[in-house]
Amino acid sequence: MLTFFFDKDDAGSGIPARSEIRAEDTWDLSPLYVKPEDWSADFARLHVEYPAIAEFRGKVGESAGSLLAMLKCDERISKLIEKVCHYASLRSAEDSSDAANLARESQLQNLLTKIAELSSFVTPEIQAIDDATFAKFLADPALAEWRIRLGKIRRLKPHTLSAAEERLLALGHSATTGHDETFSQLTNVDMKFGKLTDEKGVERTLSQSSFSSFLQKRDPEIRKRAFHQFYEEFSDHKFSLASTFSNSIKADVFRARARNYPSAREAALFSDDVPVSVYDSLISTVRANLAPLFRYYALRKRVLGLAEIHQYDTYVPIVPSVEKVTSFDEAIELCLGALKPLGDEYCRVLGDGMRTQRWCDRYESKGKRSGAFSSGSFGAPPYILMNYKDDVFADVFTLAHEAGHSMHTWNSNRTQRWQDADYPIFLAEVASTFNEELLTHHLLEQTSDRTMRAYLINRQLDDIRGTVYRQTMFAEFEKLTHAMEEAGEPVTLDTIRTAYRGLLDAYFGPEFTIDSELELECLRIPHFYSAFYVYKYATGLSAAVALSEQVLGEKASGVRGQESAVARYLGFLRSGGTRFPIPTLREAGVDMSSPAPVEATLQLFARRVEELEQLLA
């Protein structure tokens, strides 16, 4: 059993222990398992049931009936895996220092490796079916419900290896993904950032979660101290973090080469059928529209009265008189008010989930994972993890964002079969940022106060800045560092910092002061351990802006076409994974194969900068 010791005053003014959080402020995991013993029983059942898949070895392609039987067996086992994994990951997220939570994850990792090894023959055998026979199987009515899933599996044929090679890759999965767990344990558990005195003279614990709160303080010295103290801890671990990150890149490149992809980036984009031209177009479009961003930084510097502007000055609201304290319950009501255009059912389901069904784990506690996420599994609630702070108004937008994910999951799971319900992250980021756009519009519509309007426009600018500009910079960093590894160049602390510094200089502009510590920022971004993920934030927001403008424009005019924008959007939420992202969004009303949506979002940013300049004149 692990034992942790805390300073005496941690209990009074620091982060509360899990046991100190009210039950109604935590998520209710009983729809998954009422008690840990129930999870253990299912885990034991999984041990008994998963060997059944081996009965189909060498028989998958014998007939349509044999293929169907294998798919149903896989579905039964996979649903059980999904359930035990969902519970274990949520329990670990709520307290990653708890020995029992860590043990569950470790047990699962070992078992999943065995299951992957045992079932590694399935995909190669599906790929081995000749084209004529496969077409005949797909035409069989018995396999009608599996055509989409089988088509996606068949598409992987050029990148599927022999059964023996697939077995080796499955055996090596834990070894080639361990860097992610190392990063998580180091940054969420082992690293300690000390304490800081806030503007009220109260000593508070600096943590991954509270860091954002300190960066929104009016006092520039507090922001500065928080930044340097925070990154001092990262500097003390910079070689370990750089090694972990480098090994993550090596693993990405290894898997891509093993499966015959031209690059790790193309391997990551293949599953969504997204051409690299979309990725490159995003970077080039953003690079061509950096001037409004530099103009915004100049405005921020002037309004805040700063001699120099640093990265730690980019999060504090530049309209000081509307610093808000918003309770979690108030945040729920704000979100529901904004989402009314989506209809009564959407708002009722979300409201019940947040208020009475305890979908959300609300507040920070010791050992809890930092940040926020939405996590769903088939047949279970779409849970939300927050580290909500009532003095960080941005957290209201975070709640709306995660609620968008959760309602996407709810709609997809309710409409699609298990095998077609899982939607790709490319689409997920549309649903989440769409909600943020509706919230911004709702709050702007509610106020006639000039100062409040300036605050909300500032917030929208920071959202676009953080989601389009910043995530595109991250996406370019991933492209650069993976290309270094693929070219045989060293990926070390020095080369990582040099690559990141070049991007910082380009994306912040010549009038911005870059602290050397900021070069270490790339070592603290969790999403880099799921490479080529972050570009989807930028494309997602751009699609969301376009779709939200259609919905709001329709609401304002009262005129609807043959199929309303709301109906198209709800249809998008219900479509799950039945189509690839680009055609799915095209049907919803936006073409992401074109740079136009990204350009339109950056033009909106430019207009908002000009409006904010006028409001603050």
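What follows draws every value from the coordinates through simple rules; no lab data is involved. Source: prediction; values computed, not measured. Here the Cβ is made from the backbone with ideal geometry for all residues, glycine too, and neighbour counts use every protein chain on show.
The figures follow:
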item	result
On Cα atoms only, tilt of 99-118 relative to the major axis of the chain in degrees	40
Residue order, fewest to most beta carbons within 10 Å, for 197, 495	197, 495
Radius 9 Å from Cβ of residue 313, net charge of other residues (Lys, Arg +1; Asp, Glu -1)	+3
Listed residues 525, 512, 407: farthest to the positive end of the dipole of the chain (Cβ charges)	407
Relative contact order [Cα under 8 Å, 6+ residues apart], the chain, whole percent	18
Cβ-based exposure ranking for 35, 200, in which fewest neighbours within 10 Å come first	200, 35
Spin-label pair residue 594/residue 304, simplified geometry with 7 Å Cα→Cβ offset, distance in nm	3.8
Cβ-derived FRET efficiency at R0 30 Å, residue 163 paired with residue 45, nearest 0.05	0.65
Which of 181, 330, 478 has the fewest Cβ neighbours within 10 Å, and the rest in rising order	330, 181, 478
Segment 31-171: relative contact order as a whole-number percent, Cα under 8 Å and 6+ apart	28
DSSP-defined antiparallel bridges as percent of all bridges, the chain, nearest 5	75
Over segment 9-70, volume per residue of the alpha carbon convex hull, in Å³	167
Label-point separation in nm, residue 352 to residue 147, each point 7 Å along Cα→Cβ	3.4
Positive-end residue, segment 119-166 charge dipole about Cα centroid, Cβ charges, pick of 141, 159, 121	141
Given the chain, longest segment not containing exposed loop chymotrypsin sites (Phe, Trp or Tyr not before Pro) (DSSP; at most 14 other Cβ within 10 Å)	7-617
13 Å beta-carbon shell around residue 85, net charge (K/R +1, D/E -1)	+1
Check: the chain dipole with +1 on Lys, Arg Cβ and -1 on Asp, Glu Cβ, in debye	800
Degrees separating the helix 596-615 axis from the principal Cα axis of the chain, which is the longest one	20
In degrees, nearest ten, helix 238-258 long axis to first principal axis of the chain (Cα)	40
Paramagnetic reach from residue 521 (point 7 Å along Cα→Cβ, amide N under 16 Å) across segment 275-310	287, 290, 293-298, 300-301, 309-310
Contour excess over end-to-end distance, with Cα ends at residue 20 and residue 294 and 0.36 nm allotted per residue	94.2 nm
Cα-centred dipole magnitude for segment 31-171, charges only on beta-carbon of K, R (+1) and D, E (-1), debye, nearest 20	340
Pairwise label distance in nanometres, residue 556 with residue 130, each label 7 Å out on the Cα-Cβ vector	6.2
